[in-house]
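First the structure, in the form of structure tokens, and then the observations on it.
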Amino acid sequence: MTIKGDYILFFGTDWPSNFAPSPISVWDDFQWDEKKTLWDRDNPTLPATITFKTAEAYYQSRKAVMAKDKDRYYKIVNASIPAETKKIAREIKLVPEQWDKERVKWMWETLKLKFGQNPDLKEKLLSEECLDKKFVEASPYDNFWGAGKRESSLIREIDVYGDIQWWDYKHDLPRATNMLGELLTKLRDEIE
């Protein structure tokens, strides 16, 4: 993680990233049935809880829940590294437009769980060095969740222009949305 000007640049396993260790415990989606009453007078039971190793695993599991793909859901839960969870999630049969409508909502829920259940990460999010700064995922591979550029390129832009160049003037289009960074900044501001 690098702080440069008004920005916090992160990638990989830096703590703001969904690839960083950040266990999330929730009720097992395939044992929880909202139609059933939680407390039966004769048999009071709660659904089993399940723990995802990273925020990325929890986020990718939402695809399995949407597709009702129980097998891949548990493979994601048991995956040893975040990249493996993404690989498994790519095998899930979903209508892309359906997922595209839901993905930001699921990422928002993921981040609230990540920072709500991991006090050490919440403390970092609210730390003095992060206040009044904008989070930017320095991912050269993703221009939706990230900036579409690696950290060194972003630092160069800040040094030369005093800011990150978000607009592609040649094609008159935004270069990247940095949605993960935007959501992290919004979450920090809401719980500050």
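Annotations for the structure displayed:
- Residue satisfying all of: in the range 108-144; aliphatic (A, V, I, L, M) and farther than 19 Å from Arg156 by Cβ; nearest to the chain's Cα centre (by Cα) among these: Leu111
- Subset of the range 129-147 that is touching a Phe, Trp or Tyr at 6+ places or on another chain (Cβ under 8 Å) and of a type outside the set (A, V, I, L, M, F, W, C) - its residue that is surrounded by the most Cβ atoms within 10 Å (Cβ to Cβ): Glu137
- Some residue of the range 83-90 being in contact (Cβ under 8 Å) with a residue 24 or more places away in the chain, in a helix (DSSP H, G or I) and farther than 16 Å from Ser17 by Cα: yes
- No other residue among Lys87, Lys114 is modelled with pLDDT of 95 or more, charged (D, E, K, R), under 28 Å from Asp28 (Cβ atoms) and in contact with a strand residue (DSSP E or B) (Cβ under 7 Å, 6 or more places away or on another chain) apart from Lys114.
- Tally, over the range 91-128, of residues that are of a type in the set (S, T, N, Q), out of contact with any Phe, Trp or Tyr (no Cβ under 8 Å at 6 or more places or on another chain) and touching a residue at least 60 places away in the same chain (Cβ under 8 Å): 2
The values are calculated or read from the model by the stated rules, or taken from the named source; none is laboratory data. Source: prediction; values computed, not measured. Note: ideal-geometry Cβ built from the backbone for every residue, glycine included; neighbour counts use all protein chains shown.
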